[in-house]
Amino acid sequence: MEIYGHFASAPANQVRLAVSALGIDATYHHVDLQAGEQKSPEYLAINPFGKVPAMVDGDFKLAESNAICRYLGGKVGGPMYPDDPHQQAKVDQWMEFAVNHIRTNMSKVLFNRMFAPMMGLPVDESSLKEGQDFLDQYLPMVENQLADSTFITGDQMTLADIALIAAMEPFDQVQISLESYPHITSWRSGIMAQPFYQAVHAHYGAEMAG
Ligand SMILES: N[C@@H](CCC(=O)N[C@@H](CS)C(=O)NCC(=O)O)C(=O)O
């Protein structure tokens, strides 16, 4: 199996973390987004959307982080992506929430706080504020959920935790304080200490700096 990603891409890191947590043997390929490799004819033959992540499993090619994670979870089977329709639907629900509400808004904050200054681009203050305001609205929902269970959908880590942790990786880089979120803090540090996480990046921030 081949996985295509970039170290600063939350969706690509979500797939890398899922591959690691599921114990899948895959070869990782770095796609140089800065050089525009994602728009090369060779890469477009793998992912016509011209984005990371992408996956190739034999003759089967797939894009979109959640779709790839679900394919991998279904292929491996087991508690990371449960078969029970209700349990699976809850995992799906939180995967969508992670991507549509946490990742989307984290990206606005990350871009304006970190990438724009690094790239010499103007900071879009309204996008930055929108991202911060939405995170202030949505993070308490994650906090409340984690007050009642060890992982986001219960006692077992699932692909939903992977989607959320990938969306929340840049917390330190965007200088959002986790002080008001004690349950997110302990859930997050517990997952980050696990070998599957460490195998992907011992410390996300170190990779970002590199
Ligand atoms: N909805 C997609 C988002 C993928 C995406 O936006 N990838 C970005 C990096 S985070 C990318 O490849 N951007 C390069 C480009 O658009 O040229 C997913 O979840 O996989």
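The values are calculated or read from the model by the stated rules, or taken from the named source; none is laboratory data. If you're wondering where the values come from, they're calculated on a predicted model, not measured in any experiment. Positions of Cβ are backbone-derived with ideal geometry, glycine not excepted, and every protein chain shown enters the neighbour counts.
Brief remarks follow.
- Of all residues in the stretch 192-207, those satisfying the criterion of being aliphatic (A, V, I, L, M) and either surrounded by 15 or more Cβ atoms within 10 Å (Cβ to Cβ) or not in a loop (DSSP other than H, G, I, E, B) (or both) are M192, A199, V200, A206.
- Members of the stretch 43-84 that are within 11 Å of the ligand (Cβ to nearest atom) and among the small types (G, A, S): G50, A54, A63, S65, A67
Yes/no per residue for (1) over 27 Å from E2 (Cα atoms); (2) surrounded by 19 or more Cβ atoms within 10 Å (Cβ to Cβ):
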position: D57; (1), (2): no, no
position: N66; (1), (2): no, yes
position: Y71; (1), (2): no, no
position: G74; (1), (2): no, no
position: G77; (1), (2): no, no
position: Q88; (1), (2): no, no
position: R103; (1), (2): no, yes
position: Q132; (1), (2): yes, no
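- Residues located in the stretch 3-42, provided they are more than 10 Å from the ligand (Cβ to nearest atom) and either under 18 Å from A98 (Cβ atoms) or in a helix (DSSP H, G or I) (or both): R16, L17, A18, V19, S20, A21, L22, P41, E42
- Hits in the stretch 43-88 - residues which are closer than 20 Å to R103 by Cα and assigned to a helix (DSSP H, G or I): S65, N66, A67, I68, C69, R70
This table checks each residue for (1) at pLDDT 95 or above; (2) among the polar types (S, T, N, Q); (3) over 29 Å from I176 (Cβ atoms).
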{"site": "F60", "(1), (2), (3)": "yes, no, yes"}
{"site": "M80", "(1), (2), (3)": "yes, no, no"}
{"site": "Q88", "(1), (2), (3)": "yes, yes, yes"}
{"site": "T104", "(1), (2), (3)": "yes, yes, no"}
